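K.L.:
My structure is below; once you've seen it, I'll send some questions.
The values are calculated or read from the model by the stated rules, or taken from the named source; none is laboratory data. Treat the numbers as computed from the prediction; the structure is a model and nothing was measured. Every residue, glycine as well, gets a Cβ built from its backbone with ideal geometry; the counts of neighbours run over all protein chains shown. For the accessible areas, the whole protein counts, side chains as well, though only heavy atoms, and no ligand, DNA or RNA atoms are used. Shrake-Rupley method; radii C 1.70, N 1.55, O 1.52, S 1.80 Å.
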Amino acid sequence: MVLVAVFGAALLIAVLLSGLAARTVLSTSFLFLVGGALVSDGFLGLIHITPDSEIVSTTADLALFAVLFTDGQHVSFAKLRANWRNPARALGLGMPLAFVFMALVTHFLVGLDWTTSFLVGAVLAPTDPVFASAIVGRKEVPAKLRELLNVESGINDGLALPIVLVLIAAAGPTAGSAEASLGKIALELLLGLAFGVVLPLLVNGLVRFRLLGAEPKLQPLLPLATGIILYAACHLTHANPYLAAFSAGAVLAAISTEAKEAFEPLGEALAELAKFAALLVFGALLTPQLFGDLSLGGYAAVVLAIVLIRPASMLISLIGTQFDRREKLTAAWFGPKGFASVVYGLLVLQSGIPQAEEAYTLIAVCIAFSIIAHSSTDVPIARMFDVEDLVGIPGEEEDPRKADAVVAERQGSAGEV
């Protein structure tokens, strides 16, 4: 119950400061991360959470599922068919480059064996747009840039998972077991994709029956019920829940605009709650001992992962595209490590492989630094794209009528040009 009280207090503070955070480098994500760290055993000792606690894996799993389910609803198949090349470049070239570069850095700077080094690279390869919300969530930012980051982050979680599982099997005593076989991994991915496509179609078909249908005030609960059933079905059958969540969200948005629009406010709020809960729990794992256990080489690897490996990999993959320099640099910078890396890092820690603790320490510190760096820079960088009113509420010195007049003036100028 102490954890619930802490979460409620952190949520209240975050909501009260959200207006300020949307205009400055202050980040609500950072508040929950720091809040979790402060109440943990490393500081105040109000809550006692260890990496093998069930609440850690459960909250991270739920948060990742909820975020991917809502992210999938932002995908437009029509736009994706017309602009598939950019996400394909990021996933087919940028992600493998980041994976390999991170493995090399981990091996030579941290001293982990090659298999574990590539495992760290696979865990840190997925990106998460949640911690760059001012970039992917603002219509003023170029649509092709938002779609690139959103689609990349939605799909790369599912692409990284089989590699993570195979490398865990190769690195430890579970090597050769049937549970980690390539066939089983492929089946889990296919089942996740199948569930994510079939279940929304089935629910949409039921709605069209003459005697069935949701009244307006209950319409937002229809996609929610679909998501809950999907989450349970995936865990009961061992299907990949993350690929299922993203594909279900995309299919839902494609077949029912009404359901998407009805669910969007509720879905975004639930995803935010799940994200904040996971950040609070993850923050509780960030004890002084964890940071003290990482070597200087490990910290160098973390810095390189954030400021060099991701940016260089993405810039290489975008060579020859129609993105301008500012868009390329933005796409290159925003490769935050998020809930997928948390979940996969916990898989590594609980796997029993020889260097599991060393690998997890590097992964956890990298995720923490990435969240801080990316969630505190999204607003300033978004402003380069003329995102002037990030909160939607005029400030004390602003007059809404003046803002409307400025917009009208700009539109008039554009018409004259």
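K.L.:
Whether any residue in the range 188-197 is in a helix (DSSP H, G or I) and at pLDDT below 75 is what I want to check.
P.N.:
The first filter runs over the range 188-197 and keeps only residues in a helix (DSSP H, G or I), leaving 188-197.
Subset that is at pLDDT below 75: none.
Checked the range 188-197: no residue is in a helix (DSSP H, G or I) and at pLDDT below 75.
K.L.:
Determine which member of the set ALA239, ALA253 is touching a Lys or Arg at 6+ places or on another chain (Cβ under 8 Å) and not polar (S, T, N, Q). First the steps, then the outcome.
P.N.:
On the way: ALA239 fails: touching a Lys or Arg at 6+ places or on another chain (Cβ under 8 Å).
One residue alone meets the criteria, ALA253.
K.L.:
Of all residues in the range 298-317, which are over 20 Å from ALA88 (Cα atoms), open to solvent by 10 Å² or more (accessible area, probe 1.4 Å) and of a type outside the set (Val, Ile, Thr)? Outline the logic, then answer.
P.N.:
Narrowing the range 298-317 to residues over 20 Å from ALA88 (Cα atoms): 298-308.
Filter again for open to solvent by 10 Å² or more (accessible area, probe 1.4 Å), leaving 299-300, 303-304, 306-308.
Result: TYR299, ALA300, LEU304, LEU308.
K.L.:
If you check every pair at least six apart or on different chains, which have Cβ atoms under 8 Å apart with a residue in the range 357-373 that is of a type in the set (Phe, Trp, Tyr) first and a residue that is open to solvent by less than 10 Å² (accessible area, probe 1.4 Å) and part of a helix (DSSP H, G or I) second?
P.N.:
Cβ pairs passing all conditions: TYR360/GLY345; TYR360/LEU346; TYR360/VAL348; PHE369/VAL302.
K.L.:
Tell me yes or no: at least one residue of the range 165-181 is at pLDDT 80 or above and of a type in the set (Ser, Thr, Tyr). It would help to see each step written out before you state the result.
P.N.:
In the first step, residues of the range 165-181 are kept if they are at pLDDT 80 or above; the result is 165-171.
From what's left, of a type in the set (Ser, Thr, Tyr): none.
Scanning the range 165-181 turns up no residue that is at pLDDT 80 or above and of a type in the set (Ser, Thr, Tyr).
K.L.:
Is one or more of the residues making up the range 85-101 in contact with an Asp or Glu (Cβ under 8 Å, 6 or more places away or on another chain), modelled with pLDDT under 85 and within 29 Å of PRO265 (Cβ to Cβ)?
P.N.:
no
K.L.:
Can you tell me which residue among GLY320, GLY352 is assigned to a loop (DSSP other than H, G, I, E, B), open to solvent by 10 Å² or more (accessible area, probe 1.4 Å) and touching a Pro at 6+ places or on another chain (Cβ under 9 Å)? Lay out the reasoning, then the answer.
P.N.:
Working: GLY320 fails: touching a Pro at 6+ places or on another chain (Cβ under 9 Å).
Selected residue: GLY352, the only one of GLY320, GLY352 that is assigned to a loop (DSSP other than H, G, I, E, B), open to solvent by 10 Å² or more (accessible area, probe 1.4 Å) and touching a Pro at 6+ places or on another chain (Cβ under 9 Å).
K.L.:
Is it true that PHE246 is of a type in the set (Phe, Trp, Tyr), in contact with a Cys (Cβ under 9 Å, 6 or more places away or on another chain) and surrounded by 12 or more Cβ atoms within 10 Å (Cβ to Cβ)? Spell out the reasoning first.
P.N.:
On the way: of a type in the set (Phe, Trp, Tyr): yes; in contact with a Cys (Cβ under 9 Å, 6 or more places away or on another chain): no; surrounded by 12 or more Cβ atoms within 10 Å (Cβ to Cβ): yes.
So PHE246 does not fit the description; no.
K.L.:
Say we look at the range 231-240 and pick out the residues that are modelled with pLDDT of 90 or more and either assigned to a helix (DSSP H, G or I) or under 17 Å from the mean Cα position of the chain (by Cα) (or both); which of these is nearest to LEU182 (Cα to Cα)?
P.N.:
Start the filter on the range 231-240 by keeping residues that are modelled with pLDDT of 90 or more, which leaves 231-237, 239.
Next cut, either assigned to a helix (DSSP H, G or I) or under 17 Å from the mean Cα position of the chain (by Cα) (or both) only: 231-237.
Numbers: TYR231: 23, ALA232: 24, ALA233: 22, CYS234: 18, HIS235: 19, LEU236: 20, THR237: 17 Å.
Among those residues, the one meeting the criterion is THR237.
K.L.:
Also, quick follow-up: Given the conditions (1) open to solvent by 60 Å² or more (accessible area, probe 1.4 Å); (2) modelled with pLDDT of 80 or more; (3) under 29 Å from LYS275 (Cβ atoms); (4) touching a helix residue (DSSP H, G or I) at 6+ places or on another chain (Cβ under 9 Å), which single one is not true for ILE228?
P.N.:
Status for ILE228: all satisfied but (4).
K.L.:
It is to be established whether one or more residues within the range 202-217 are open to solvent by less than 20 Å² (accessible area, probe 1.4 Å) and touching a Leu at 6+ places or on another chain (Cβ under 9 Å).
P.N.:
Kept after step one, since they are open to solvent by less than 20 Å² (accessible area, probe 1.4 Å), are these residues of the range 202-217: none.
No - not one qualifying residue is present in the range 202-217.
K.L.:
Are there helices (runs of 4 or more DSSP H) fully within the range 16-131 with at least 1 residues that are surrounded by fewer than 24 Cβ atoms within 10 Å (Cβ to Cβ) and aliphatic (A, V, I, L, M)? List them. Steps first, answer last, please.
P.N.:
Working: elements: 28-38, 54-72, 77-82, 85-89, 95-105, 114-124.
In the range 16-131, the matching helices (runs of 4 or more DSSP H) lie at 28-38, 54-72, 77-82, 85-89, 95-105.
K.L.:
Would you check which residues across the range 256-267 are in a helix (DSSP H, G or I) and surrounded by 15 or more Cβ atoms within 10 Å (Cβ to Cβ) and list them? Please lay out each step first, then the result.
P.N.:
Keep residues of the range 256-267 that are in a helix (DSSP H, G or I), which gives 257-267.
If the condition is that a residue be in a helix (DSSP H, G or I) and surrounded by 15 or more Cβ atoms within 10 Å (Cβ to Cβ), then ALA259, LYS260, ALA262, PHE263, GLU264, LEU266, GLY267 are the ones that fit.
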